[in-house]
Amino acid sequence: MKVLVYSSKDFEIPYLEKANNNNNKHQLTFIKDALSSETAMKAIGYEAISIFSADEACFITIEKLKDFGVKYIALRSVGYDNVNLRSASRLNIRVANVPAYSPYAIAEHAVALLLALNRKLIESNFRVNHYNFNLNNLVGFDLNEKTVGVIGTGKIGAIMSKIMHGFGCTLLGYDIKENNNLKELYNMRYTTLKELCEQADIISLHVPLNTETHQLINEDLIDEMKDGVIIINTARGSVINTENVIKGLKSGKIGALGIDVYENEKGVFFNDHSQDIPNDDLLMTLNALPNVLVTGHHAFLTEEALTNIADTTISNLDCWESGKETENELTEINELS
């Protein structure tokens, strides 16, 4: 099968090539361009395309892909909010994602953000690099016996809970479905979102982006939080209202913010803008605040995760090539749920 791989990154190409070399079924063509209505025409002559989380498969793009003969879309991500599944289903374009690759990668990155912020590692290293060994304003706190609120206790949230339990933390959970294992193994107590915010010293977000979670962390919810709370977001950028969070950071209501995702990251993240700084006041403010740590959507960037993403992507293509359904198939039902 001829496959056009949009938004291909240098770090992932070797993993995709290795996964494909196991059967040599597919002709993979890698391009840097992101999928959009303007770049859809590059898929002419290809039966399948593979896209990343920053690609845009909207209604118009899907229709163009259909006209150009594309039958399959293989996502290299868990999230699929960037794909109009309703249009794809209507036009008989089959779509599959990578439902899980390494929850450890994301959860461990969330913990790294938390530790770096709490123990002021960025500022400490900056001082040492300038031979300043003064310790003033570098005071953190023990994680032991602190209360951690985990919003979203699926695969990633469960690993985050396990790690924080290991630090000796008290766990509060919020999800539409309770995880009994977390309650039994780590004494997690499920509660309302309001109560979680009132009691948690640390809040970590691990929810998908949908109508229920869009800007979930907003001014009203922030007002319910403990003074000095640390918020960690490795889920989706739009789960938080950035303007409201910045207001909370400036007032001291929020003690620190660690994010690997950003609500306006499209067209910015995954690219080098060092010579043309984005005209984005919110991002510039975040970068200027000393109690904020931003990483560029690279929580997933581990060898294990990249291997799993590549293997699953090629496996989805293998199934389609063989005329089979893949267990990772996405339909209009997924979009509506």
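Only one of the listed residues (L4, L16, L113, L35) is in contact with a Ser or Thr (Cβ under 8 Å, 6 or more places away or on another chain), part of a loop (DSSP other than H, G, I, E, B) and crowded, with 19+ Cβ neighbours inside 10 Å. That residue is L35. Of all residues in region 299-318, those that are assigned by TED's automatic domain parsing to the domain that holds Q27 have Cβ atoms under 7 Å from Cβ atoms of residues that are in a helix (DSSP H, G or I) and of a type in the set (S, T, Y), 6 or more apart or on another chain, in L306/Y15; T307/Y15; A310/Y15. If you go through region 57-76 and keep only what is in a loop (DSSP other than H, G, I, E, B), in contact with a Ser or Thr (Cβ under 9 Å, 6 or more places away or on another chain) and touching a residue at least 60 places away in the same chain (Cβ under 8 Å), you end up with just R76.
Kindly check whether there is at least one residue in region 99-108 that is surrounded by 23 or more Cβ atoms within 10 Å (Cβ to Cβ), acidic (D, E) and either modelled with pLDDT under 95 or in a helix (DSSP H, G or I) (or both). There is no residue in region 99-108 that is surrounded by 23 or more Cβ atoms within 10 Å (Cβ to Cβ), acidic (D, E) and either modelled with pLDDT under 95 or in a helix (DSSP H, G or I) (or both).
Look at region 320-331 and say how many of its residues are touching a residue at least 24 places away in the same chain (Cβ under 8 Å) and either surrounded by fewer than 18 Cβ atoms within 10 Å (Cβ to Cβ) or of a type outside the set (A, V, I, L, M) (or both). Talk me through it step by step, then tell me what you get.
Narrowing region 320-331 to residues touching a residue at least 24 places away in the same chain (Cβ under 8 Å): 320-321, 326, 328-331.
In the following step, the residues that additionally are either surrounded by fewer than 18 Cβ atoms within 10 Å (Cβ to Cβ) or of a type outside the set (A, V, I, L, M) (or both) were identified as 320-321, 326, 328-329, 331.
Of the residues in region 320-331, 6 are touching a residue at least 24 places away in the same chain (Cβ under 8 Å) and either surrounded by fewer than 18 Cβ atoms within 10 Å (Cβ to Cβ) or of a type outside the set (A, V, I, L, M) (or both).
What residue, of G157, G140, is of a type in the set (G, A, S), free of Cβ contacts under 8 Å to residues at least 60 places away in the same chain and over 27 Å from S238 (Cα atoms)?
Details: G157 fails: over 27 Å from S238 (Cα atoms).
The unique qualifying residue is G140.
So which of I51, I93, I44 is at pLDDT 95 or above, out of contact with any Phe, Trp or Tyr (no Cβ under 6 Å at 6 or more places or on another chain) and not charged (D, E, K, R)?
Working: I51 fails: out of contact with any Phe, Trp or Tyr (no Cβ under 6 Å at 6 or more places or on another chain); I44 fails: out of contact with any Phe, Trp or Tyr (no Cβ under 6 Å at 6 or more places or on another chain).
Sole residue among the options that is at pLDDT 95 or above, out of contact with any Phe, Trp or Tyr (no Cβ under 6 Å at 6 or more places or on another chain) and not charged (D, E, K, R): I93.
Consider I156 carefully, then state whether it is over 28 Å from N291 (Cα atoms), touching a helix residue (DSSP H, G or I) at 6+ places or on another chain (Cβ under 6 Å) and not in a loop (DSSP other than H, G, I, E, B). Against the criterion (over 28 Å from N291 (Cα atoms), touching a helix residue (DSSP H, G or I) at 6+ places or on another chain (Cβ under 6 Å) and not in a loop (DSSP other than H, G, I, E, B)), I156 does not qualify.
Any residue in region 263-270 that is crowded, with 18+ Cβ neighbours inside 10 Å, out of contact with any His (no Cβ under 9 Å at 6 or more places or on another chain) and farther than 30 Å from K2 by Cβ? Taking every residue of region 263-270 in turn, at least one turns out to be crowded, with 18+ Cβ neighbours inside 10 Å, out of contact with any His (no Cβ under 9 Å at 6 or more places or on another chain) and farther than 30 Å from K2 by Cβ.
The values are calculated or read from the model by the stated rules, or taken from the named source; none is laboratory data. Given the structure is predicted, the values throughout are model-derived calculations rather than measurements. When we count neighbours, we look across all protein chains shown, and the Cβ atoms used for this are built from the backbone with ideal geometry, even at glycine.
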